[in-house]
Each structure stands twice: as structure tokens, then as C-alpha cells.
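One structure is given below, encoded as C-alpha cells.
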């Protein structure tokens, strides 16, 4: 099931527009402050925004706040039109940092919470910040939740849907063992990994680190395990065996049970900081800033799946850019960053910041650069490529010229070329065959729609009204065999055969 989902999601990064024009811009928020931390593309050509909100039901916000900050998520189509929104929170501050689509059409959410048992949260707080995991369905409704953490800070950075249908959460932890965290702490922050089954039950938890700070950023899946990628300034200590001086990229390869197989620092001799990591069809890409004295060099290191270097590309980047990510798209690199002006440079009399996107060819030569944002503080957090071939920039902004509703709003910019679009499949169903859930994606506008399920004898089994483009249908209660899905949209009807295992 997961392989089928990945084959759909792999289309997201196949297309890159060389001519970058603004298709639309949007500010989203309420009367107080909203903080965007992440965004992910979705199989129906849209995207899901992740962040936190301090606003009650004002402006674009539909629910009242339950504490200081609540998880806030917003599902939109490729035109920036809202499909649904929801928020979850307790009495404290709840920061939503990561999410992934799940095989049943829903999403797994990972964030950090200081809330006690209150509001939507059903577990007590163990320390400063606990990991709060929420599973939602395709329409944003809560299905289950879990919390993990010790007496300090436990902050997730990434979540992965694993081959067995479960989940792996990557977090940074400085907590000692407690009721909700059993693994030891080796120093400052450690890589803290939590493996759950598809219902949220804990399978195992592990920590990796040395005497100082070790902070994981990303999880990449291997054919029989995972690699954990982050930054470390620990010497060989704790369960870390790689010796080093200063901060360096630290890659830990583990098996499916969380046991260490190998460690790697990409063979870099100088102090360096991991910017981002990316898994391609047949290789990995690691973007780093390498420091040699006062000189900082941005590099993209390509390795095979054994982490053996294939190619290193040096990008010519100004040192005054705060880089958020470097991605490989076809034969070029897309860099996203923030450029913060000094008080002397600012035109508004206050410190200003702008979104920056830069394109480089395969040799690292700059091709074009664009700046986005007007007077005010605009801070880019994430860039994604959606299935319609566009790049969307996500961040936070205080600029009133774009219609801000409060102190800080989500600020979205869609880049592309007006009128350009890839050829779409009007109707998609996955996975097929399935053991339970099948997801129906209607890739076109419609007013009314429904899905009917029949067996081969023509017996009508169920009907489900369709509200959004992506709709999960459960076949779990039916015996194995072939079923017919009849999808009606306005005045048109299409049928698809589904194999139930």
C-alpha cells in the first residue's frame, strides 16, 4: 500500500518551472498571530499547511483557541482555495512541526506541546515540551493521539510512514527517562527515535548521541531500515563512535528495530552544518554549509545508497543569506533562503526580511534569483513542488500590504507560469489491489459527487457523498474479490474495478 502511495507522491518533484512568475499570493490568519512551520504536497494536486495559531475565530480562523498556541492545519487546492481547516490544542503552547500523508488518505501529525491534559489533549505533560502525535482522517478529523517525553524538551523534527504501515518519529531530546520516555540521555540533545504501529502503539524507542548536542533533522528510508540525518558537535562518546572536532553532519544508519548499523560524516574535514537531506530514486542528496576559517561554502553532496560519495557541487551563494533548503529538481538546484536587511539598509526604519529563491545549473552556476515580500518581516520556512508542477513558498509575514489580519500571518506565494499545467488524470484510485482502504481522487472541479460500491453480482454495498477531491473508501468488512466503484460527478459517471485482497 505504501509503495503505491509513494508512486503517486513521487510525481510531486518531477517537474520544475524554469520561468518563475507569481501565480498568486495569499495571507492567512486571525486577529493575533499565526506561525507557519511546514507544508506538504498532497496527492490531489493540493497541499497541507502546518503551524500554530494564537487567534480565536477571527479573520480566516474558524475555531477558538484553547490555550496559548494550538496546532493549526489548513488543506488547500492548487489554486489556494481552502478545502478544510482544523486546530488541536490544550491549555498551553502546541507547535505543529511535521506531517506525512498516510495510506488511508489521512495524515500523521507530529509536534511539541507544553499543555497539560486539557482541551483536545488527553495526556499529562511530563516536562517542558512533550512530543504530541495526532492521526487524522482525510477530512482533518482526529482519530487517535499519543504523547511521549521526559522531564526536559522533546521536540519532533520529522515523521515517516514506514513500509509496515506504522510510523517513525524523529525528535531532539534532552530529557532523562521518565514515565513516557524510557531511553537514556547521553548529553545535551540526542537523536530520539520512536517507532509506532499503525494504531499508534509504541513498538520501540531509541536515543543516539554523545556528551554534547546532537540534533536530527530528517529521516530517509532504506530498503531494510532508515538513515537519520542531522548535526552533531559531540566527540566519540555515548553511543556515537565517530570522532570529530566542532560541528559536523552526523548520519546514523539503523535497522528496522532501531539498532545502529553504521555512522557517517560525509567525509568532510572542516566544520559543517547540514541544511537539508533528500532521497531521490537512486541516490541521496545532502546540502551543507562548510566552514573553513571565515569562509562559508554551500555544497550539495550526492551519494549512493551506501553513502559513498558520487559527486560534490559547490554553489556560489552570498554569505548574507540564511538558507532553508537546497533541492535537486531535474538537472538543476533550487535554493530557498531568507535575506535579512540591517536597520541601516531597511526602507521602513525597521529590520526587514525577504523570501529569496535562487536557481543553479548542475555545475553550481546561478541562473536566476527572485525576491518576495514587501516592507515588513517575511520569513520563509518551506518550499514544495506540487503535482501541477508549481513551486509554492510558505512562511510568516508582518506585512500589512498583503492584507494581514493580525500580528503575523501565514504568507504563501505560488510560482509558475499562468496557464501552464501538466496533463492530469481526471480520476485516480489507489492502492489497487487493497486490503482495506482505497483512496479516490477526483482531479477536477465538481459541484456534487458520490461514490457507490458494488460487488460483481451487482449488489449495492454502500454510497458515500464526496465533499473534497480526495475521499477514502473502506472495503475492510468485505470478503476478498473484485468490486466496482461508480464515481458520479455532476452529470458524469465513471466506474473502476478494485481488487480486495
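Let's see how each residue does on (1) touching a residue at least 12 places away in the same chain (Cβ under 8 Å); (2) touching a strand residue (DSSP E or B) at 6+ places or on another chain (Cβ under 6 Å); (3) surrounded by fewer than 20 Cβ atoms within 10 Å (Cβ to Cβ); (4) under 27 Å from residue 51 (Cα atoms):
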position: 309; (1), (2), (3), (4): yes, yes, yes, no
position: 324; (1), (2), (3), (4): yes, yes, no, yes
position: 353; (1), (2), (3), (4): yes, yes, no, yes
position: 357; (1), (2), (3), (4): yes, yes, no, yes
position: 371; (1), (2), (3), (4): yes, yes, yes, yes
position: 375; (1), (2), (3), (4): yes, no, yes, yes
position: 379; (1), (2), (3), (4): yes, yes, no, yes
position: 394; (1), (2), (3), (4): yes, yes, no, yes
Legend entry - In the range 454-476, the residues that are surrounded by 18 or more Cβ atoms within 10 Å (Cβ to Cβ) and under 16 Å from residue 497 (Cα atoms): 472, 473, 475
Inset, instruction - From 322, 348, grab the single residue that is at pLDDT below 90 and out of contact with any helix residue (DSSP H, G or I) (no Cβ under 6 Å at 6 or more places or on another chain). - result: 348
Inset, instruction - Select from the range 203-226 the residues that are over 18 Å from residue 112 (Cβ atoms) and either buried (at least 21 other Cβ atoms within 10 Å of the Cβ) or modelled with pLDDT of 95 or more (or both) and list them in ascending order. - result: 203, 204, 206, 208, 209, 210, 211, 212, 220, 225, 226
Legend entry - Per-region count, the range 157-185, residues at pLDDT below 95 and over 15 Å from residue 129 (Cβ atoms): 8
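Listed here are the residues, each with its yes/no results for (1) in a loop (DSSP other than H, G, I, E, B); (2) without any contact (Cβ under 8 Å) to a residue 60 or more places away in the chain; (3) crowded, with 16+ Cβ neighbours inside 10 Å; (4) touching a helix residue (DSSP H, G or I) at 6+ places or on another chain (Cβ under 7 Å).
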{"site": "228", "(1), (2), (3), (4)": "no, yes, yes, no"}
{"site": "231", "(1), (2), (3), (4)": "no, yes, yes, no"}
{"site": "234", "(1), (2), (3), (4)": "yes, yes, yes, no"}
{"site": "253", "(1), (2), (3), (4)": "no, yes, yes, no"}
{"site": "266", "(1), (2), (3), (4)": "yes, yes, yes, no"}
{"site": "269", "(1), (2), (3), (4)": "yes, yes, no, no"}
Inset, instruction - Filter the range 33-58 for residues that are more than 30 Å from residue 332 (Cα to Cα) and touching a strand residue (DSSP E or B) at 6+ places or on another chain (Cβ under 8 Å) and give the result. - result: 33, 34, 35, 52, 53, 54, 55
Legend entry - residue 412 under 32 Å from the mean Cα position of the chain (by Cα), under 30 Å from residue 377 (Cα atoms) and touching a residue at least 12 places away in the same chain (Cβ under 8 Å): yes
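Yes/no matrix, rows are residues, columns are (1) at positive phi; (2) part of a loop (DSSP other than H, G, I, E, B); (3) more than 30 Å from the chain's Cα centre (by Cα); (4) at pLDDT below 90:
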residue: 440; (1), (2), (3), (4): no, no, no, no
residue: 445; (1), (2), (3), (4): no, yes, no, yes
residue: 472; (1), (2), (3), (4): no, no, no, no
residue: 476; (1), (2), (3), (4): no, yes, no, no
Legend entry - Scan of the range 165-188 for residues that are within 19 Å of residue 238 (Cα to Cα) and in a loop (DSSP other than H, G, I, E, B), ordered by number: 174, 175, 176, 177, 182, 183, 184, 185, 186, 187, 188
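The values are calculated or read from the model by the stated rules, or taken from the named source; none is laboratory data. This is a predicted model, so every value here is computed, not measured. Using ideal geometry, Cβ is built from the backbone for each residue, glycine included, and neighbour counts are taken over all protein chains shown.
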